[in-house]
Amino acid sequence: MTFTTWNLLFTGMVSSILLLNIVQWGIYRERLYGLYTLYMLAWLVYFSLRVAEIYHYVSNSTWYFVRVAAPMFAYFVYFDFANALIQIRDRLPGLFRWFTFAKGLILAYVVLMGLLCFVVDEWYPTLYDTAHTLMRLFMIGLAGYGVWRISRLNGIVPKYVALGSGFILAGGAASMLLTAVGVKMKTPDSFLDAPLTYFEFGILAELICFTLILGYRQRRAAIKSAIVEQRLAREREQLQRQRLESELITEKLQQQMSAVQMMALQSQLNPHFLFNSLNTLSSLIADDPQQAERFVDEMSSVYRYLLRNNGSELTTLQTELGFVESYYHLLKTRYGAGINLNTTVDERFLQYKLPPLTLQLLLENAVKHNIVSADRPLLIQLVTNQDGWLQVSNTLQRKSASRVNSTQKGLLNILSKYQLLGQKTPTVEETATDFVVALPLIR
């Protein structure tokens, strides 16, 4: 096989690898594949012009320029390709500085050869050959140093980069050595007699290594993508479990709410409250029949509201205040001057909402836990602020702890309702003189 035939076979193999890389470049859209494409194109242009038939159809100036410029362009692209593949800038900053210097030197070298080949009238073969030899020696030295440094990095990819670069280094050195000892390439009987053949062996082995690296890299990326997808699937399953757990917690809260509401209803309709109301009514019948009649009306209104609205989630502030007036009338009739209620509510909040029976529970707690007498009247105030909160406060005059033990059922009832509705939590504050509960009104 002559060198011309082998060279055609070589360019065909490189072209096949190039086409495969172009397809991958179109699929993955990565800069790395673009650099690899330019790298192979530079070698294709270089070795295509070394085929005998083409050699006769180009000028000497063009042939001599391509002979030096095409490999230099390939090396120039190789520096960026290797950096993109194994991050030389971060992992080997010293080698990266050498690569940067070499790129600048390549540009100056190509400009010099361009001037010699196309601008200067007289041909200077000694200058051309000397510059070409020195540049090749520099690139061989740099390549040897780079292969040594890259081979010391951990990982499969750097090892394959070092191996491929070692192949082209060995091929280039062998070709240069054979040329130096006088082997001629003109028309060798066998392609093995041509020094350039060994350079092509090195390039072909290097391209095979680089192609394997890119295939391995994509496979590793696919595995990582699959792992990420599995992780996302597990996270979705975890979120699904958390959602189900949240639904179970919500259902449990609803059950607890129902239990609290039932206890609150039982507490509101307890016989003790009914006994006190009937006892008050009995006294009024004898002393003031007209007031007794009104007391019966208000008592009927209170119990009707309790039975109708205890199962509702929300009621308007206006409706709740109307109920509180009836409930307060029962308390006022019983305690007389011992209790007072002041209501200062902005009209713009009357259609805001709150859980029903909330104010009744707070009034009941105030009467239950504080002294109510003419000497020490209990003052209860309902006041709205600019932020849409209703403050329910009462003067703090605690009964003896031995007489009244607080179970906190009323406040727990209110807090549970707001929690179930997903609203802001009411605040409870106790000062030296007052007990204040702030309720967020709901639009």
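The values are calculated or read from the model by the stated rules, or taken from the named source; none is laboratory data. Because the structure is predicted, anything quoted here is derived from the model rather than measured. Cβ sites come from the backbone with ideal geometry, for glycine too, and all protein chains shown count toward neighbours.
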* How do the pairs read when you match residues in the stretch 197-208 that are within 13 Å of Leu8 (Cα to Cα) with residues anywhere that are among the hydrophobic types (A, V, I, L, M, F, W, C) and in a helix (DSSP H, G or I), using Cβ under 6 Å and keeping only pairs 6 or more apart or on different chains? -> Thr197/Phe191; Glu200/Phe10
* Asked: Which members of the stretch 1-51 meet the condition of being hydroxyl-bearing (Ser, Thr, Tyr) and free of Cβ contacts under 8 Å to residues at least 24 places away in the same chain?
  -> Ser16, Thr37
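Among Glu206, Glu235, which is more than 28 Å from the chain's Cα centre (by Cα) and among the charged types (D, E, K, R)? Steps first, please.
On the way: Glu235 fails: more than 28 Å from the chain's Cα centre (by Cα).
Going through Glu206, Glu235 in turn, the sole match is Glu206.
Is there a residue being closer than 17 Å to Leu357 by Cβ, at pLDDT 70 or above and of a type in the set (S, T, N, Q) anywhere in the stretch 292-303? Write out each step before concluding.
Initial filter on the stretch 292-303 (closer than 17 Å to Leu357 by Cβ): 298-303.
Okay, now just the ones that are also at pLDDT 70 or above, so 298-303.
Applying the additional criterion that residues be of a type in the set (S, T, N, Q) yields 300-301.
So far as the stretch 292-303 goes, yes, one or more of its residues are closer than 17 Å to Leu357 by Cβ, at pLDDT 70 or above and of a type in the set (S, T, N, Q).
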* Asked: Is it the case that some residue within the stretch 359-382 is crowded, with 16+ Cβ neighbours inside 10 Å and on the phi > 0 side of the Ramachandran plot?
  -> no
* To do: Filter the stretch 372-391 for residues that are closer than 16 Å to Thr316 by Cα and not polar (S, T, N, Q) and give the result.
  => Leu382, Val383, Gly388, Trp389, Leu390
* Taking Ser175 as the residue in question, decide whether it is over 27 Å from Leu20 (Cβ atoms) and touching a Ser or Thr at 6+ places or on another chain (Cβ under 9 Å). => no
* Asked: In this structure, is Gly172 in contact with a helix residue (DSSP H, G or I) (Cβ under 7 Å, 6 or more places away or on another chain), at pLDDT 90 or above and either part of a loop (DSSP other than H, G, I, E, B) or assigned by TED's automatic domain parsing to the domain that holds Cys209 (or both)?
  -> no
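Among the residues in the stretch 375-393, are any touching an Asp or Glu at 6+ places or on another chain (Cβ under 6 Å) and either modelled with pLDDT of 90 or more or among the hydrophobic types (A, V, I, L, M, F, W, C) (or both)?
Pass one, the stretch 375-393, residues touching an Asp or Glu at 6+ places or on another chain (Cβ under 6 Å): 384, 393.
Remaining after also requiring either modelled with pLDDT of 90 or more or among the hydrophobic types (A, V, I, L, M, F, W, C) (or both): 384, 393.
There is at least one residue in the stretch 375-393 that is touching an Asp or Glu at 6+ places or on another chain (Cβ under 6 Å) and either modelled with pLDDT of 90 or more or among the hydrophobic types (A, V, I, L, M, F, W, C) (or both).
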* Consider Leu361 carefully, then state whether it is under 29 Å from Leu314 (Cβ atoms), part of a strand (DSSP E or B) and of a type in the set (A, V, I, L, M, F, W, C). => no
* **Members of the stretch 175-193 that are over 24 Å from Gly144 (Cα atoms), at pLDDT 65 or above and either surrounded by 16 or more Cβ atoms within 10 Å (Cβ to Cβ) or touching a strand residue (DSSP E or B) at 6+ places or on another chain (Cβ under 8 Å) (or both)** => Phe191
* Please enumerate the residues belonging to the stretch 77-125 that are more than 29 Å from Ile213 (Cα to Cα), at pLDDT 90 or above and of a type in the set (Val, Ile, Thr). => Val110, Val111
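Scanning the stretch 5-43 for residues that are more than 41 Å from the chain's Cα centre (by Cα) and crowded, with 17+ Cβ neighbours inside 10 Å, which turns out nearest to Val77 (Cα to Cα)?
Looking only at the stretch 5-43, we keep the residues that are more than 41 Å from the chain's Cα centre (by Cα), and these are 5-16, 42-43.
Next, from what is left, pick out any that are crowded, with 17+ Cβ neighbours inside 10 Å: 6-7, 10-11, 14, 42-43.
Working: Trp6: 26, Asn7: 23, Phe10: 21, Thr11: 19, Val14: 17, Ala42: 9, Trp43: 11 Å.
Out of the qualifying residues, it is Ala42.
Tell me the residue from Leu134, Leu153 that is part of a loop (DSSP other than H, G, I, E, B), among the hydrophobic types (A, V, I, L, M, F, W, C) and at negative phi, please. Steps first, answer last, please.
Details: Leu134 fails: part of a loop (DSSP other than H, G, I, E, B).
Only one candidate passes the filter, namely Leu153.
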* Structure fact -> Filtering the stretch 368-383 for residues that are out of contact with any Lys or Arg (no Cβ under 9 Å at 6 or more places or on another chain) and either in a helix (DSSP H, G or I) or of a type outside the set (A, V, I, L, M) (or both) leaves a count of 5
